[in-house]
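**Student:** This structure is in structure tokens; I'll ask about it shortly.
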Amino acid sequence: MPTVPQSRHLATEIPGPGSVRLAQRRTAAVARGVASTLPVYAARAGGGIVEDVDGNRLIDLGSGIAVTTVGNAAPRVVDAVRSQVAEFTHTCFMVTPYEGYVTVAEALNRLTPGKFEKRSVLLNSGAEALENAVKIARSYTRKTAVAAFDHGYHGRTNLTMALTAKSMPYKSGFGPFAPDIYRAPASYPYRDSLIDKDLGTDGERAAERAIGVLENQIGAHNLAALVIEPIQGEGGFIVPAPGFLPALLAWCRDNDVVFIADEVQTGFARTGAMFACEHEPIAPDLICTAKGIGGGLPLAAVTGRAEIMDAPQVSGLGGTFGGNPVACAAALGALATVEAEDLVGRAQRIERAVLERLSRLQADDDRIGDVRGRGAMIAVELVRPETAEPDPALTKALATACHRAGVIVLTCGTFGNVLRLLPPLTISDELLAEGLDVLADELAKL
Ligand SMILES: *Cc1c(COP(=O)(O)O)cnc(C)c1O
């Protein structure tokens, strides 16, 4: 049981005096480019609650961006970290390796989709996983071009900025970007349907449109890899039309293009399956993971077909901290929690509860253009009713109102008009329902 009381409680205004003092120090010390969604400073967290330095307890519908899927300070994670940190904190896997790294790799090879022989490499962040997946695909195919998709988000390093679609705030002013990166149209059922009903429901047609661009603008003989999120995260929780991902994978197989699934946000039970690719179902060549893997500790991985993963030369992959022993211990604690507490099943139950509530809300409020997502990864797209034009101002106002009322929600979307919910899977039914009630009340007031 979490030590933080499991109830929403507003002790002060949001932000309270303690957070205001910290914000003043922060402005003088922290680079302005690093922004925060809420103005409150965390003191402790667990279950479905984040408590701030003023004693305010907020309902957590964000999980630190899909990271604390197993809950904050989850007991198995805390125990595993405590014992590892007392044994040794670092030797560097490239100097004197250790068992935890190997055990995490074995677990990833076993849990990821695809009944073929696999290998894994461990890294520090989602962006670093994507960087390495591209290195591996180029090494294997001896080709250089890489394609990503509209609305895609893959990180903030130079190569991953090139893969990421949205300019503001992720890329603007930070170029030039890595060369030989291209972009294809994604499947966005809600917005595609506004143009052409079939395109919104028929994933194979949406894939044909994308493949046309790939063949025309790059050529399969130049293309090393296709990089895609099975459900787009930052781009707006966009679930592609059925058939889109399988058709792209089939095309990759026919053309010796490595299919890289970016499951950094969707992985580890978040979507009501261990990995979002299982919903299709598809078995990608390489899978990038991070966020939810380590119960809050920084860890990331690339996992995939042995013959592809083993293409780079010995010493071609690695990094000082990649697969840090404490982060590996945390990951094993997190994975044990997912299995022992059937968090995949829990995510499915959260999906039913959230979709039911939000669909009722949508029926009475035509500013909600779309409700979508899977598992504990559900969003509403807010629009101007007559035109379905994105309404980022309403979205921002709703998020801020929720924050003031003690509920952590996040926004996303290419057009900034998507309110997304990513509760930890350890949240109680009562807190989840209360969080959704606050959302409904605040929307009604706007
Ligand atoms: C967050 C995210 C990344 C980047 O991960 P970092 O750990 O922030 O580098 C990459 N891809 C997706 C889909 C993400 O959601």
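The values are calculated or read from the model by the stated rules, or taken from the named source; none is laboratory data. Predicted model, so just to flag it, every value in this text is computed and none were measured. Counting neighbours? That spans all protein chains shown, and the Cβs are built from the backbone with ideal geometry, glycine included.
**Student:** I need the full set of residues from region 360-398 which are of a type in the set (A, V, I, L, M), assigned to a helix (DSSP H, G or I) and free of Cβ contacts under 8 Å to residues at least 40 places away in the same chain, in order please.
**Tutor:** Residues of region 360-398 that are of a type in the set (A, V, I, L, M), as a first pass: 361, 363, 368, 371, 376-380, 382-383, 388, 393-394, 397-398.
Those still in the list that are assigned to a helix (DSSP H, G or I) too: 361, 363, 393-394, 397-398.
363, 393 - these are the residues of region 360-398 that are of a type in the set (A, V, I, L, M), assigned to a helix (DSSP H, G or I) and free of Cβ contacts under 8 Å to residues at least 40 places away in the same chain.
**Student:** On the given criteria, is residue 408 crowded, with 17+ Cβ neighbours inside 10 Å, β-branched (Val, Ile, Thr) and out of contact with any Ser or Thr (no Cβ under 8 Å at 6 or more places or on another chain)?
**Tutor:** Working: crowded, with 17+ Cβ neighbours inside 10 Å: yes; β-branched (Val, Ile, Thr): yes; out of contact with any Ser or Thr (no Cβ under 8 Å at 6 or more places or on another chain): no.
So residue 408 fails the test.
**Student:** Right, something else. I'd like the residue in region 188-207 that is of a type in the set (Asp, Glu) and surrounded by 15 or more Cβ atoms within 10 Å (Cβ to Cβ) and, out of all such residues, is nearest to residue 243 (Cα to Cα).
**Tutor:** 204
**Student:** So which strands (runs of 3 or more DSSP E) stay within region 1-113 end to end and still have 3 or more residues that are surrounded by 14 or more Cβ atoms within 10 Å (Cβ to Cβ) and at pLDDT below 95?
**Tutor:** Working: elements: 42-46, 49-52, 57-60.
Where strands (runs of 3 or more DSSP E) fall fully within region 1-113, none carries at least 3 residues being surrounded by 14 or more Cβ atoms within 10 Å (Cβ to Cβ) and at pLDDT below 95.
**Student:** When region 411-446 is examined, which residues are found to be under 25 Å from residue 46 (Cβ atoms), crowded, with 23+ Cβ neighbours inside 10 Å and of a type in the set (Gly, Ala, Ser)?
**Tutor:** Passing the criteria: only 435.
**Student:** Out of (1) within 23 Å of the chain's Cα centre (by Cα); (2) more than 26 Å from residue 229 (Cα to Cα), what's the single condition that is false for residue 355?
**Tutor:** (2)
**Student:** Among the strands (runs of 3 or more DSSP E) contained in region 255-315, which hold 3 or more residues that are in contact with a Gly (Cβ under 7 Å, 6 or more places away or on another chain)?
**Tutor:** Details: elements: 258-262, 286-289, 300-305.
Counting at least 3 such residues, we get 286-289.
**Student:** May I ask you to verify whether residue 337 is part of a helix (DSSP H, G or I), of a type in the set (Ser, Thr, Tyr) and either touching a helix residue (DSSP H, G or I) at 6+ places or on another chain (Cβ under 9 Å) or in contact (Cβ under 8 Å) with a residue 40 or more places away in the chain (or both)? Steps first, answer last, please.
**Tutor:** Details: part of a helix (DSSP H, G or I): yes; of a type in the set (Ser, Thr, Tyr): yes; either touching a helix residue (DSSP H, G or I) at 6+ places or on another chain (Cβ under 9 Å) or in contact (Cβ under 8 Å) with a residue 40 or more places away in the chain (or both): yes.
Yes.
**Student:** Follow-up. Please work out if residue 260 is crowded, with 24+ Cβ neighbours inside 10 Å, among the hydrophobic types (A, V, I, L, M, F, W, C), within 18 Å of residue 187 (Cβ to Cβ) and more than 10 Å from the ligand (Cβ to nearest atom). Let's see the steps before the verdict.
**Tutor:** Values: crowded, with 24+ Cβ neighbours inside 10 Å: yes; among the hydrophobic types (A, V, I, L, M, F, W, C): yes; within 18 Å of residue 187 (Cβ to Cβ): yes; more than 10 Å from the ligand (Cβ to nearest atom): yes.
Yes; evaluated as a whole, the condition is true for this residue.
**Student:** Can you report the number of residues in region 217-236 which are closer than 20 Å to residue 204 by Cα and either within 11 Å of the ligand (Cβ to nearest atom) or not assigned by the TED database to the domain that holds residue 285 (or both)?
**Tutor:** 6
**Student:** Let me confirm something: among 207, 148, 129, which residue is in a helix (DSSP H, G or I) and within 16 Å of the ligand (Cβ to nearest atom)?
**Tutor:** On the way: 207 fails: within 16 Å of the ligand (Cβ to nearest atom); 148 fails: in a helix (DSSP H, G or I).
Result of the check over 207, 148, 129: 129.
**Student:** Residues 166, 135, 115, 171: which one is more than 16 Å from the ligand (Cβ to nearest atom) and of a type in the set (D, E, K, R)? Give the derivation first.
**Tutor:** Numbers: 166 fails: more than 16 Å from the ligand (Cβ to nearest atom); 135 fails: more than 16 Å from the ligand (Cβ to nearest atom); 171 fails: more than 16 Å from the ligand (Cβ to nearest atom).
That would be 115, the only listed residue that is more than 16 Å from the ligand (Cβ to nearest atom) and of a type in the set (D, E, K, R).
**Student:** For residue 242, which of the numbered conditions (1) more than 9 Å from the ligand (Cβ to nearest atom); (2) in contact (Cβ under 8 Å) with a residue 60 or more places away in the chain; (3) part of a loop (DSSP other than H, G, I, E, B) fails to hold?
**Tutor:** (2)
**Student:** When residues of region 274-289 are filtered for being within 18 Å of the chain's Cα centre (by Cα) and crowded, with 24+ Cβ neighbours inside 10 Å, how many remain?
**Tutor:** The qualifying residues number 8.
**Student:** On to the next question. Given the condition acidic (Asp, Glu), more than 16 Å from the ligand (Cβ to nearest atom), free of Cβ contacts under 8 Å to residues at least 24 places away in the same chain and over 20 Å from residue 264 (Cβ atoms), answer yes or no: does some residue in region 92-105 qualify? Spell out how you get there, then give the answer.
**Tutor:** Filtering region 92-105 for residues acidic (Asp, Glu) gives 99.
If we keep only those that are more than 16 Å from the ligand (Cβ to nearest atom) too, we end up with 99.
Still in the running and free of Cβ contacts under 8 Å to residues at least 24 places away in the same chain: 99.
In the following step, the residues that additionally are over 20 Å from residue 264 (Cβ atoms) were identified as 99.
Checked against the condition, which is being acidic (Asp, Glu), more than 16 Å from the ligand (Cβ to nearest atom), free of Cβ contacts under 8 Å to residues at least 24 places away in the same chain and over 20 Å from residue 264 (Cβ atoms), region 92-105 yields at least one hit.
**Student:** For region 22-68, give me the residue count where each residue is more than 16 Å from the ligand (Cβ to nearest atom) and farther than 16 Å from residue 296 by Cα. If you could, list the steps in order and put the result at the bottom.
**Tutor:** We begin by selecting, within region 22-68, every residue more than 16 Å from the ligand (Cβ to nearest atom); these are 22-32, 38-61.
Next cut, farther than 16 Å from residue 296 by Cα only: 22-32, 38-41, 51-59.
Residues in region 22-68 being more than 16 Å from the ligand (Cβ to nearest atom) and farther than 16 Å from residue 296 by Cα: 24 in total.
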